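Colleague: My structure is below; once you've seen it, I'll send some questions.
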Amino acid sequence: MRGEFADLHEVMAVMTTAFDPHYGEAWSRSQCAGILPMNGVTLMLARQAGELTGFSLYRVISDEAELLLLAVAPEHQGHHIGRILLDQFVAQASAEGATRLHLEVRDGNRATRFYEAAGFQIAGRRRRYYRGDEGEQLDALTYVKSTK
Ligand SMILES: CC(C)(COP(=O)(O)OP(=O)(O)OC[C@H]1O[C@@H](n2cnc3c(N)ncnc32)[C@H](O)[C@@H]1OP(=O)(O)O)[C@@H](O)C(=O)NCCC(=O)NCCS
């Protein structure tokens, strides 16, 4: 189900529990609110019995797409909600004509294996992309999946 501005309070609740605050990967509410109205941006929600269990935020522009955020509430992880959201992103981006799908993950995040299992491959490294809560600078890995 597509999300909108009014869903951001629930999205932030999942965001702050899913991402370890130590690594500085979570976005703030104002960062999410700022990107939502932009061209090609989609917020996708996963719900169970009305409760928000996970979400994705992505952008499709022409033949390129970027998965900006993907998170599942900790108590719902490991039940394929993440995989369903990731597959939905790939399917939607492809349907809109994107042939190169990108995403970024902090080097060392266990989610790297999750993306590799879904066919994403490492395309590069962005040095010191994330700033941890003790000021440490952490690399991001850039992943790409070609759908052509
Ligand atoms: C990464 C994340 C979205 C995965 O969602 P999930 O619903 O737990 O994952 P799924 O249950 O769909 O897992 C799909 C597969 O990936 C594997 N997997 C999931 N999370 C994993 C992890 N952290 N490390 C290693 N493997 C993982 C599962 O074992 C599963 O494989 P299987 O089908 O062979 O059993 C979720 O763990 C999360 O929100 N993490 C914190 C936020 C984050 O780091 N997001 C990614 C960066 S934007």
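The values are calculated or read from the model by the stated rules, or taken from the named source; none is laboratory data. Here the structure is a predicted model, which is why all the values come from computation and not from measurement. As a convention, Cβ positions derive from the backbone with ideal geometry for all residues, glycine included, and neighbour counts pool all protein chains shown. SASA here: full protein model, heavy atoms, side chains in, ligands and nucleic acids out. Shrake-Rupley method; radii C 1.70, N 1.55, O 1.52, S 1.80 Å.
Colleague: Most fluctuating residue of A33, A71, A46 in a GNM of the chain with Cα springs under 10 Å: which is it?
Modeller: Largest GNM mean-square fluctuation: A33.
Colleague: I've got another one for you. Alpha carbon centre of segment 14-38 versus segment 86-148: separation in Å?
Modeller: 16 Å
Colleague: Next question, about the same structure. Viscosity 1.002 mPa s, temperature 20 °C: what is the translational diffusion coefficient of segment 8-78 from Stokes-Einstein with a Kirkwood Rh over Cα pairs, rounded to a whole number of µm²/s?
Modeller: 168 µm²/s
Colleague: Please label the shape of segment 5-146 as rounded, prolate or oblate, based on the square roots a ≥ b ≥ c of the eigenvalues of the alpha-carbon gyration tensor (a/c under 1.5 means rounded; beyond that, a/b larger than b/c means prolate, else oblate).
Modeller: It comes out rounded by the Cα gyration axes.
Colleague: While we're looking at this one, here's another question. Please name which of L43, L8, Q88 has its Cα lying farthest along the dipole of the chain towards the positive end, using unit charges on Cβ (Lys, Arg +1; Asp, Glu -1) and the Cα centre as origin.
Modeller: Q88
Colleague: Given labels modelled 7 Å from the Cα in the Cβ direction, how far is it in nm from E51 to R113?
Modeller: Here the answer is 2.6 nm between the modelled labels.
Colleague: Moving to a separate point now. Relative to the Cα centre, what is the charge dipole magnitude of segment 5-146, using +1 at the beta carbon of each Lys and Arg, -1 at the beta carbon of each Asp and Glu, and rounding to the nearest 20 debye?
Modeller: Numbers: 14 positive and 18 negative charges, 60 e Å.
My answer is approximately 280 debye.
Colleague: Moving to a separate point now. What is the percent carbon and sulfur in the accessible area of segment 40-148, measuring with a 1.4 Å probe over the protein chains and ignoring ligands? Display every interim value, and only then the final one.
Modeller: On the way: 2530 of 5680 Å².
The nonpolar share, carbon plus sulfur, comes to 44 percent.
Colleague: Anyone know which of A26, A123, A73 comes out most mobile in the 10 Å Cα GNM of the chain?
Modeller: Among A26, A123, A73, the largest GNM mean-square fluctuation belongs to A123.
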